[in-house]
């Protein structure tokens, strides 16, 4: 009788608890590449090696200044395979400046080129790409709902966005600030930096990540000098199996009778 009760309790615990793991970054890590106007480039090509792993996802976070070209024609490919645009943040004031997040589910293992193409005769004034691959990402619904902001007129020394999440999601962001000069941007406490790139003409870009502990995750940046505007996007990358919250137990008929 005691043995059956212990077995019942073990089965109930197993039924009530599902363990999920935060997505993990590929061994290649983050590759950052900046293209400036001196290159007269209409595209950017970056080699990236995706390692073997389960439930893979390739993510490309980009900031742009295209000197007049609308970002709507931009494409991103990896090894010739098109990435999906998750979201864009520009503004009505300057649609040629902004940030985007692109992704590819189950990228092919191996080394291939990430190509960002303006599909325009206008070259980049500035393009910074932040590329990384991840394992343990939900392949059906890899991301939650984006949160994004565009401030285009004013004086700002910091920013904060709240992103919907569940515990153990990996919350990521990209930000571009606009200021005619050199500034330093710093991510908030609890965030890990993937990029804090200074460009001494107009744009400074950052990208970060943070493991969620609840239903909302704040992503923050501070600026060493007040900026006249910024664009930012934040989103939760979903772990395999969805929410890490545990469900209620269920009665296993016959087990404890």
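The values are calculated or read from the model by the stated rules, or taken from the named source; none is laboratory data. A quick note: this is a predicted structure, and the numbers were derived from the prediction, not measured. Here the Cβ is made from the backbone with ideal geometry for all residues, glycine too, and neighbour counts use every protein chain on show.
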Which of (1) modelled with pLDDT of 90 or more; (2) within 26 Å of residue 104 (Cα to Cα); (3) surrounded by fewer than 20 Cβ atoms within 10 Å (Cβ to Cβ) is the odd one out, the single condition residue 196 does not satisfy?
(1)
In the set 130, 93, the lone residue that is within 24 Å of residue 57 (Cβ to Cβ) and either assigned to a strand (DSSP E or B) or at pLDDT below 90 (or both) is 130
Check 166, 182 and return the single one that is in contact with a strand residue (DSSP E or B) (Cβ under 9 Å, 6 or more places away or on another chain), in a loop (DSSP other than H, G, I, E, B) and without any contact (Cβ under 8 Å) to a residue 24 or more places away in the chain.
182
Among residues of the stretch 23-44, those that are surrounded by fewer than 17 Cβ atoms within 10 Å (Cβ to Cβ), at pLDDT 85 or above and in a loop (DSSP other than H, G, I, E, B), counted
3
How many of the residues making up the stretch 112-127 are within 17 Å of the chain's Cα centre (by Cα) and either surrounded by fewer than 16 Cβ atoms within 10 Å (Cβ to Cβ) or modelled with pLDDT of 95 or more (or both)?
1
Among (1) modelled with pLDDT under 95; (2) buried (at least 23 other Cβ atoms within 10 Å of the Cβ), residue 137 falls short only on (1)
Give the residues of the stretch 140-150 that are in a strand (DSSP E or B) and either free of Cβ contacts under 8 Å to residues at least 60 places away in the same chain or surrounded by 18 or more Cβ atoms within 10 Å (Cβ to Cβ) (or both), sorted by residue number.
143, 147, 148, 150
